[in-house]
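Notes to accompany the following structure.
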Amino acid sequence: EAQVTQNPRYLITVTGKKLTVTCSQNMNHEYMSWYRQDPGLGLRQIYYSMNVEVTDKGDVPEGYKVSRKEKRNFPLILESPSPNQTSLYFCASSSARGPLGTQYFGPGTRLLVL
Amino acid sequence: AQSVSQHNHHVILSEAASLELGCNYSYGGTVNLFWYVQYPGQHLQLLLKYFSGDPLVKGIKGFEAEFIKSKFSFNLRKPSVQWSDTAEYFCAVLTGGGNKLTFGTGTQLKVEL
């Protein structure tokens, strides 16, 4: 089954404790992206990747890092989480047409930073 | 930078009522436009998209949207909503040559029986 998976689905952590949210897709998609969803603000793009070893900032990259060493994986790293990073995070992937293609979204990761 | 406005944040309709959700964007060049939907507890999924050609686009589940270039709008419509259409709807814009989507803030639709 074609899908985008994220782990963990729920995470409670404390300020400053490094964490990684994994994202994996099994559709051989080249384009992958991370978004955060906050009430009243919709989805905002954090980072995106056009292909392996090619990443770029979205609209809200501060406080986040990403890497794309393999085509299927696109982890989101919070080196020193802060309470304002409490949010619902979505990973997405799409075909070689990049964001022109249909984006397939993961189930989301709900993060609470205390 | 482009921006996307969805002025209706919450909409409540009765079943069989007609729906129109507004979406306006701010960019004067070539755009690609999308509507995504997020049903309760589910992933976001694509409803429809516009790239070029016929400005009236038909999507899944009876939804359609009309691109009006002069008004910078891409409103979503459905002639008769069902209870199962209760969801959050997001408009998104990709500008020419861009690699990132800009989403609107979303419209929460509740359909009452």
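Take region B:26-43 and flag every residue that is among the hydroxyl-bearing types (Ser, Thr, Tyr) and either closer than 15 Å to B:Ala87 by Cβ or open to solvent by 60 Å² or more (accessible area, probe 1.4 Å) (or both).
Those that are among the hydroxyl-bearing types (Ser, Thr, Tyr) and either closer than 15 Å to B:Ala87 by Cβ or open to solvent by 60 Å² or more (accessible area, probe 1.4 Å) (or both): B:Tyr27, B:Thr30, B:Tyr36, B:Tyr39.
If you take the residues in region B:88-113 that are in a strand (DSSP E or B) and open to solvent by 50 Å² or more (accessible area, probe 1.4 Å), which one is farthest from the other protein chains (Cβ to nearest Cβ)?
Checking each candidate, the answer is B:Glu112.
So, in region A:49-86, of the ones that are within 14 Å of chain B (Cβ to nearest Cβ) and of a type in the set (S, T, N, Q), which residue ends up surrounded by the fewest Cβ atoms within 10 Å (Cβ to Cβ)?
The qualifying residue surrounded by the fewest Cβ atoms within 10 Å (Cβ to Cβ) is A:Asn51.
Please enumerate the residues belonging to region B:51-85 that are in contact (Cβ under 8 Å) with a residue 60 or more places away in the chain and under 15 Å from the mean Cα position of the chain (by Cα).
Just the residues of region B:51-85 that are in contact (Cβ under 8 Å) with a residue 60 or more places away in the chain, to begin with: B:78-83, B:85.
B:Lys78, B:Pro79, B:Val81, B:Asp85, listed by residue number.
Hand me the list of strands (runs of 3 or more DSSP E) wholly inside region A:1-80 holding 2 or more residues that are more than 26 Å from B:Gly41 (Cβ to Cβ).
Filter on region A:1-80 gives A:42-51, A:54-57.
Looking at B:Asp85, is it more than 19 Å from B:Val4 (Cβ to Cβ), surrounded by 18 or more Cβ atoms within 10 Å (Cβ to Cβ) and among the acidic types (Asp, Glu)?
Against the criterion (more than 19 Å from B:Val4 (Cβ to Cβ), surrounded by 18 or more Cβ atoms within 10 Å (Cβ to Cβ) and among the acidic types (Asp, Glu)), B:Asp85 qualifies.
Scanning region B:44-59 for residues that are open to solvent by less than 70 Å² (accessible area, probe 1.4 Å) and not in a strand (DSSP E or B), which turns out farthest from the other protein chains (Cβ to nearest Cβ)?
Among those residues, the one meeting the criterion is B:Pro55.
Which count do you get for residues in region B:1-57 that are at pLDDT below 95 and acidic (Asp, Glu)?
Summing the residues that are at pLDDT below 95 and acidic (Asp, Glu) in region B:1-57 gives 1.
Condition test on A:Tyr104, is it open to solvent by less than 30 Å² (accessible area, probe 1.4 Å) and closer than 27 Å to B:Tyr89 by Cβ?
Taking the combined requirement at face value, the residue does not satisfy it.
Scan region B:64-108 for residues that are over 29 Å from A:Met32 (Cβ atoms) and of a type in the set (A, V, I, L, M) and report the count.
Looking only at that region, the number is 2.
Are any residues in region B:1-25 among the hydroxyl-bearing types (Ser, Thr, Tyr), loosely packed, with under 12 Cβ neighbours inside 10 Å and in contact with a strand residue (DSSP E or B) (Cβ under 6 Å, 6 or more places away or on another chain), and if so, which ones?
Within region B:1-25, B:Ser14 is the sole residue that qualifies.
The values are calculated or read from the model by the stated rules, or taken from the named source; none is laboratory data. From a predicted model like this one, the values you see are computed outputs, not experimental measurements. Here the Cβ is made from the backbone with ideal geometry for all residues, glycine too, and neighbour counts use every protein chain on show. Quick note on the areas: whole protein, heavy atoms, side chains included, nothing else; ligands and nucleic acids left out. Shrake-Rupley method; radii C 1.70, N 1.55, O 1.52, S 1.80 Å.
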